[in-house]
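**Q** My questions will all concern the structure given below.
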Amino acid sequence: MPPSQPLSPRPAFRLAAFLALMCFCALALPARGAPQYGFAGGSSVRVIGNDNGGRLKRRFAEIRALRSRGERVEIRGRYCLSACTLYLGAGNVCVDPDTRFGFHGPGYPSRPIRRERFEYWSQRMATYYPPGVQGWFLSRARYVTSGYLTLMGADLIRMGVSRCRDS
């Protein structure tokens, strides 16, 4: 076929369908090491990994939304630090035994936190942890205000958190 002539409708449709299929496949396959979002058993799955944390109020709202949608949360990757650990309270959660979790207590980056605010935020954070982790957080991790007190996913599994399949 000469290059100046347009494709007939049938080959043009096939080409468009093929390109659409290739785009779909490329988008459906995540890049290696990227968080994966998809479906398992009919419910949505949110994969969390290599997360440095963030603002408490935003994370609280996100976790409430995950709970209300009934999304499964899988915490994988090399690390889950600070506010990321609050995902442990998202409901249907599992962890990879090799993921490192970094916990610390509440504080402000630029000034000391008042005692009553420390107590309020410690208690609020603790409500997002499973029972086996809550007591440990309140007795130990909340007092860490510089750096992290770390647990591996395997430690959390021994504390009652579910282990993710295929890990």
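**Q** Give me Ile48, Ile113 sorted ascending by neighbouring Cβ count inside 10 Å, so fewest comes first.
**A** Ile113, Ile48
**Q** Order by neighbour count: Arg72, Arg142, Arg117, fewest other Cβ atoms within 10 Å first, most last.
**A** With the fewest neighbours first, Arg72, Arg142, Arg117 line up as Arg117, Arg72, Arg142.
**Q** What is the extension gain from Ser68 to Arg140, computed as 0.36 nm multiplied by their sequence separation minus the C-alpha to C-alpha distance, in nm to one decimal?
**A** Additional length available on full extension: 22.9 nm.
**Q** Given region 35-163, what percent of its DSSP beta bridges are antiparallel, to the nearest 5?
**A** Bridges in region 35-163 that DSSP calls antiparallel: roughly 35 percent.
**Q** If I model a spin label as a point 7 Å beyond the Cα along the Cα-Cβ vector, how far apart are those points for Tyr120 and Asp166 in nm?
**A** Calculated label separation equals 4.4 nm.
**Q** Counting other beta carbons within 10 Å of each Cβ, put Thr145, Thr150, Thr85 in order, fewest first.
**A** Thr145, Thr150, Thr85
**Q** While we're on this one: Compare the peptides 95-104, 51-60, 123-132 by average per-residue count of other Cβ atoms within 10 angstrom and give them in order, highest first.
**A** 95-104, 123-132, 51-60
**Q** Would you please give the FRET efficiency between Ser44 and Ile113, computed as 1/(1 + (r/R0)^6) with r the Cβ-Cβ distance and R0 = 45 Å, to the nearest 0.05?
**A** About 0.80, to the nearest 0.05.
Bear in mind these aren't lab numbers, they're just calculated from the coordinates by the rules spelled out. Every value quoted in this text rests on a predicted model; they were computed, and no experiment measured them. Please note: Cβ atoms are built from the backbone with ideal geometry, for glycine as well, and neighbour counts cover all protein chains shown.
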